[in-house]
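The values are calculated or read from the model by the stated rules, or taken from the named source; none is laboratory data. No experiment lies behind these values; they were computed from the predicted model shown. Using ideal geometry, Cβ is built from the backbone for each residue, glycine included, and neighbour counts are taken over all protein chains shown. When the accessible area is computed, the model is the full protein with side chains, heavy atoms only, and any ligands, DNA or RNA have been set aside. Shrake-Rupley method; radii C 1.70, N 1.55, O 1.52, S 1.80 Å.
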Amino acid sequence: MSIVERFETIDRRIIFFLIFLAVIVPLLFPIGLKIEVSEPVRMFYNTIEELEAGSFVLISAEYDPSTMPEVYPMNEALVKHCFAKDLKIVSIGLWPQGVSLNQTAMEQAAGQYGKEYGADFINLGYKAGGIVVISAMGEDIPTTFPQDYALRPIEQYGIMEGIENFDNIDLIVSLSAGDPGVREWVMIAQGRYRKDVIGGVTAVSAPAFYPFLDAGQLKGLIGGMKGAAEYETLLGQIGTASAGMDAQSVAHGMIIFFIIFANFFYFLGKRRKR
Amino acid sequence: MTTDIGTWIAALLTLCIFSFLYRDNPFYKFAEHLFVGISAAYWVCYYIYNILIPNLYNPLFIQGQLLFIIPLILGVMMLMRLFPQPAWMSRFPLAFIVGTYAGYNFITYLQTYAIDQVRATMVRVVDVSAWQEFFAHPGVVSFFNAIAIPVVVVGVITGLIYFFFSREHKGVFGGLARTGVWFLMIAFGASFGYTVMARISLLIGRLYFLLHDWLQLI
């Protein structure tokens, strides 16, 4: 068997092992590669920066544990950013598991920034229906969400005083890993109610949202763990996304090498067969 | 290394799933079946307590809102799908759902995906400020910023020409269609790149959990 044939029938477990090494070695021994901030992430950051203290930010969590490595770092950084700027957070979840993940992020940051549940932030929980829920919130938020995530009536919380519909919300942030998610918020909250919407999405879905960004339908976009690391960089906080960036870069370099290497031997083999 | 039992269970199940990369084995099978079983039970409970009870049982049977009999009947009709004889009844609630969503989404899709997108493409064919920036500070970044919008416009037009099948793709028309294919290929490549990035991120997330939360090495 020639060397070309050997490479053509290489055991895929060797590739798995090399990718495993490419990820684990930089995690154990960080290189400290520089993280450049892209324009969509800077727009996301600036949109929040431009809000005045006391403004209301609606955070909608549409992700679950399967996409936590990408979206949860954004959630953590976003909540810290809002608390640091004294913004009020009203949160909901169009995915059931997003509610508890967002609650964890808010509780952790609240301890750090001295914020109180019901006064500075609230979690209205999950509601099934996706786009219909968003539409109903545009009409009347307290009727759509009469209770918080722990089934307590929302009237008892000071933060909900004066919150009726999207008119009382200054910015909408959707952290989304699929549908319903950013797309639905753009369609209803931006399209129908002309509210400012920014989004944090998984890398797989990010390309689908760049046209929204170009058209001004989204005011900012964070895509995947890379985007989350850029956002952490802007905030000056080293979180889990930043910690994974060395591994991401080395793994990408490895995959690019594999593609070039495989194509080289593919064309070499084809030439020899002729 | 942590002493938290939950982290240990999560770490061992992660290793069981990873073991499939070597080959199929009983540890992988165990973790897979456990996941399927727990997921099914979790979602059944979740739907009962978070959807059925607050959205149907409470309004109808606790608050006495009789209008909610309609969704109850529609729901029961949908379940008739499970029985061969009255299975036809499920078509009515299904038709209701399809009709409602089609009507509901029609305008919003048109607004979001057609009108706003087309307007954004048409009104900014030439971004004067980007060109001014390029001539003031010539460089690679300012050049790409300046040509970004013309590239989008050319991509939209040639992409649409590629999907115009009423005329044979020959001559100038064929050349434009082939340019459209190039744009599509670049878009697919970018999309695939993002997909690779997402999958690597998930691997990083799991390995970070093993090294940080379980082994506490980092």
- Message: Every residue in the range A:179-208 that is away from chain B (no Cβ under 11 Å), in contact with a helix residue (DSSP H, G or I) (Cβ under 8 Å, 6 or more places away or on another chain) and part of a loop (DSSP other than H, G, I, E, B), please.
- Response: A:P180, A:Y193, A:K195, A:D196
- Between a first residue in the range A:257-274 that is in a helix (DSSP H, G or I) and a second residue that is modelled with pLDDT of 85 or more, which pairs have beta carbons less than 7 Å apart while being 6 or more apart in sequence or on different chains? A:F258/A:I15
- Any chance A:T104 is in contact with a strand residue (DSSP E or B) (Cβ under 9 Å, 6 or more places away or on another chain), open to solvent by 10 Å² or more (accessible area, probe 1.4 Å) and of a type in the set (V, I, T): no
- Message: Consider the range B:72-86. How many of its residues are in contact with a helix residue (DSSP H, G or I) (Cβ under 8 Å, 6 or more places away or on another chain) and either closer than 27 Å to B:P59 by Cα or open to solvent by 60 Å² or more (accessible area, probe 1.4 Å) (or both)?
- Response: 8
- Which fully enclosed helices (runs of 4 or more DSSP H) of the range A:1-114 have 1 or more residues being in contact with a helix residue (DSSP H, G or I) (Cβ under 7 Å, 6 or more places away or on another chain) and within 14 Å of another protein chain (Cβ to nearest Cβ)? A:12-28, A:39-49, A:68-84, A:96-113
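Yes/no per residue for (1) in contact with a Lys or Arg (Cβ under 8 Å, 6 or more places away or on another chain); (2) assigned by TED's automatic domain parsing to the domain that holds A:R12; (3) surrounded by fewer than 20 Cβ atoms within 10 Å (Cβ to Cβ):
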{"residue": "A:S174", "(1), (2), (3)": "no, no, no"}
{"residue": "A:Y193", "(1), (2), (3)": "no, no, yes"}
{"residue": "A:S242", "(1), (2), (3)": "no, no, no"}
{"residue": "A:L268", "(1), (2), (3)": "no, yes, yes"}
- Query: Restricting attention to the range A:209-233, which residues are within 8 Å of chain B (Cβ to nearest Cβ) and open to solvent by 20 Å² or more (accessible area, probe 1.4 Å)?
  - Reply: A:P211, A:D214, A:A215, A:G216, A:K226
- Message: Please pick out the residue among B:A11, B:A40 that is touching a residue at least 60 places away in the same chain (Cβ under 8 Å), part of a helix (DSSP H, G or I) and either closer than 23 Å to A:L151 by Cβ or not assigned by TED's automatic domain parsing to the domain that holds B:G205 (or both).
- Response: B:A11
- Message: If I go through the range A:19-31 residue by residue, how many of them are open to solvent by 60 Å² or more (accessible area, probe 1.4 Å) and in contact (Cβ under 8 Å) with a residue 24 or more places away in the chain?
- Response: 3
- Note on the structure: In the set B:R167, B:R178, the lone residue that is among the charged types (D, E, K, R) and at pLDDT 90 or above is B:R178
- Report whether or not B:L176 is facing chain A (nearest Cβ under 7 Å), more than 20 Å from the chain's Cα centre (by Cα) and aliphatic (A, V, I, L, M). no
- Task: Give the residues of the range B:87-126 that are within 14 Å of chain A (Cβ to nearest Cβ), at pLDDT below 85 and open to solvent by 50 Å² or more (accessible area, probe 1.4 Å), sorted by residue number.
- Result: B:Y104, B:M122, B:V123, B:R124, B:V125
- Message: Whether any residue in the range A:132-141 is within 20 Å of the chain's Cα centre (by Cα), more than 14 Å from chain B (Cβ to nearest Cβ) and not aliphatic (A, V, I, L, M) is what I want to check.
- Response: no
- Within the group A:N123, A:N168, which residue is away from every other protein chain (no Cβ under 13 Å) and open to solvent by 10 Å² or more (accessible area, probe 1.4 Å)? A:N168
- Note on the structure: Of the candidates A:P30, A:P65, the one satisfying the condition of being of a type outside the set (D, E), at pLDDT below 95 and within 13 Å of the chain's Cα centre (by Cα) is A:P65
